[in-house]
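Here the structure comes first, spelled out in structure tokens, and everything after it is commentary.
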Amino acid sequence: MRLLVTGGAGFIGANFCHYWHQRFPDGTLVVLDALTYAGNRASLQALEGVKGFRFVHGDINDRALVEKLLREGRLNVIVHFAAESHVDRSIHDPDAFLRTNILGTHSLLQAARSYWLEGPQGLISHRFHHISTDEVYGTLGPQDPAFREDTPYAPNSPYAASKAASDHLVRAYQHTYGLSTTTSNCSNNYGPFHFPEKLIPLVILNILHGRPLPIYGDGQQIRDWLFVEDHCQGIALILEQGKEGESYNIGGHNEWANLEIVRLICQLLDEAFAADATLAKQFPHAAPAQGKRSESLITYVQDRPGHDRRYAIDAVKIGGELGYAPQHSFAAGIRKTVDWYLQNRDWWQPLLGEAYAEWIQKQYVREPGGSRN
Ligand code: NAD
Ligand code: DAU
């Protein structure tokens, strides 16, 4: 397989590139990434200079560029991560979500169809793998069964709606033109290289800076957390054995209320500071460096409009058909993640510039006014 990885400088894309390179050190890996605020070449630093790896700064909407990359590299697999991915941003400004997630995916599909199905060499054996999300299924009540591949789509945020639209386009290109596609719908990922606008890295960095930990609404919303490397394993299995036209749900059977996750991270950081006195010197504003418990930073704020209450993934299909099983317990994965942020300040410090501060500042969700009930 010679891969074009879109969005490879983002959180999951970068983790996937490292995962794939470890498995196939001689493989071809071309990353196409527009380097939006969420894209970061530093996440791919370890791959720079490696034979077979190439980074291309460009937009998935640039169809001519995509066709050129496919042709030049004789690439026969696209793994499509590129997206606007943050729900809160989609509520503030949905335009970019439609442009990248819907039009961008369509542009990629057109390029793939043109080169793989209708190019001068005729039909080329290929695969288009689309990375999607569990958010397309909407929200669950406390007793509802977890999302299956045949759960009806009911997206609730502009982000989720844009991802649902892209899933449908992928399906249509397979059904109508015979493009060989697969799709995966995954639950919430966490781990290294996660941009600190998302709950877990935001909480870690806010503790280190002594800033409030914003809990939307009552903090009882439930997410099903998966260590990012386990998501990458699932994607690799689908690339290797997945059936054309199929969708696979990927998850970790690991449901947590937001407030409980935040409390757990607080506890882990309090323990880390207690065990290592040098941390207080490195992060003097951190709550535990000031003799306070990290939990004291918890602040209830206004809820996210339309906030989905619960997500849960039924991963029986990928487990049964492709032998998928997550390799990381949550206890191990979250500890690894906290340690990674403590040890990789060089990676996250440059991200906390003006634009980041502006985003944090202007977010309505950061205004006090949430409730515990
Ligand atoms: P991310 O926001 O961290 O990264 C997105 C990447 O795409 C960035 O590198 C960005 O520069 C790039 N990009 C954005 N617009 C582009 C464009 N027009 N052309 C080229 N590149 C562009 O996102 P992520 O969290 O790594 O998510 C990756 C994919 O996985 C997304 O499709 C997302 O919907 C899906 N997903 C994410 C999660 C999660 O928990 N993060 C869970 C399930 C599915
Ligand atoms: O379920 C998969 C999805 O998970 C992906 O498709 C998205 O790309 C990804 O961003 C993620 O979406 P969420 O909205 O679930 O993730 P986020 O980290 O933004 O929020 C997780 C939960 O925490 C959610 O219920 C909102 C809440 N939250 C979030 C932030 C940033 C807070 O309470 N406070 C916060 O400051």
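Some observations on this one:
- Residue in region 254-269 that is among the small types (Gly, Ala, Ser) and not in a loop (DSSP other than H, G, I, E, B) present: yes
- In this structure, residue 119 does not qualify as out of contact with any helix residue (DSSP H, G or I) (no Cβ under 7 Å at 6 or more places or on another chain) and surrounded by 22 or more Cβ atoms within 10 Å (Cβ to Cβ).
- Residue that is farthest from ligand 2 (Cβ to nearest atom) [pool: residues in region 167-205 that are in contact (Cβ under 8 Å) with a residue 40 or more places away in the chain and small (Gly, Ala, Ser)]: 178
- Filtered by the rule that a residue be within 14 Å of ligand 2 (Cβ to nearest atom) and among the hydrophobic types (A, V, I, L, M, F, W, C), region 97-110 gives a lone residue, 97.
- Filter pass, residue 103 being surrounded by fewer than 18 Cβ atoms within 10 Å (Cβ to Cβ), within 12 Å of ligand 1 (Cβ to nearest atom) and within 16 Å of residue 170 (Cβ to Cβ): yes
- Residues that are under 15 Å from residue 127 (Cβ atoms) and not in a loop (DSSP other than H, G, I, E, B) were ranked within region 74-96; the one that is nearest to ligand 2 (Cβ to nearest atom) is 80.
- Output for region 19-30, where each listed residue is touching a helix residue (DSSP H, G or I) at 6+ places or on another chain (Cβ under 9 Å) and closer than 11 Å to residue 52 by Cα: 21, 27, 28, 29, 30
- Scan of region 198-214 for residues that are out of contact with any Ser or Thr (no Cβ under 7 Å at 6 or more places or on another chain) and either among the aliphatic types (A, V, I, L, M) or surrounded by 19 or more Cβ atoms within 10 Å (Cβ to Cβ) (or both), ordered by number: 199, 201, 202, 203, 204, 205, 206, 208
- Some residue of region 264-275 being of a type outside the set (A, V, I, L, M, F, W, C) and under 14 Å from residue 203 (Cβ atoms): yes
- Scanning region 63-74 turns up no residue that is in contact (Cβ under 8 Å) with a residue 12 or more places away in the chain, charged (D, E, K, R) and crowded, with 23+ Cβ neighbours inside 10 Å.
- Restricting 234, 245 to those that are surrounded by fewer than 19 Cβ atoms within 10 Å (Cβ to Cβ) and more than 30 Å from residue 283 (Cα to Cα) reduces the list to 245.
- Within region 262-288, tally of residues that are in contact (Cβ under 8 Å) with a residue 24 or more places away in the chain and among the hydrophobic types (A, V, I, L, M, F, W, C): 11
The rows are residues; the columns are (1) touching a strand residue (DSSP E or B) at 6+ places or on another chain (Cβ under 9 Å); (2) aromatic (Phe, Trp, Tyr); (3) more than 30 Å from residue 172 (Cα to Cα).
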{"site": "207", "(1), (2), (3)": "yes, no, yes"}
{"site": "216", "(1), (2), (3)": "yes, yes, yes"}
{"site": "232", "(1), (2), (3)": "no, no, no"}
{"site": "275", "(1), (2), (3)": "no, no, yes"}
{"site": "285", "(1), (2), (3)": "no, no, yes"}
{"site": "288", "(1), (2), (3)": "no, no, yes"}
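- Boolean, residue 254 is under 20 Å from the mean Cα position of the chain (by Cα), within 25 Å of residue 321 (Cβ to Cβ), away from ligand 1 (no atom under 11 Å from the Cβ) and modelled with pLDDT of 95 or more: yes
- None of 219, 210, 245 is away from ligand 1 (no atom under 16 Å from the Cβ), under 21 Å from residue 314 (Cα atoms), touching a helix residue (DSSP H, G or I) at 6+ places or on another chain (Cβ under 7 Å) and not basic (Lys, Arg) except 245.
- Flag for residue 292 being assigned to a loop (DSSP other than H, G, I, E, B) and of a type in the set (Lys, Arg): yes
- Residue match in region 74-84 (condition: near ligand 1 (Cβ under 10 Å from one of its atoms), of a type in the set (Phe, Trp, Tyr) and closer than 20 Å to residue 27 by Cα): yes
The values are calculated or read from the model by the stated rules, or taken from the named source; none is laboratory data. The structure presented is a predicted model; accordingly, all values stated were derived computationally and were not measured. Every residue, glycine as well, gets a Cβ built from its backbone with ideal geometry; the counts of neighbours run over all protein chains shown.
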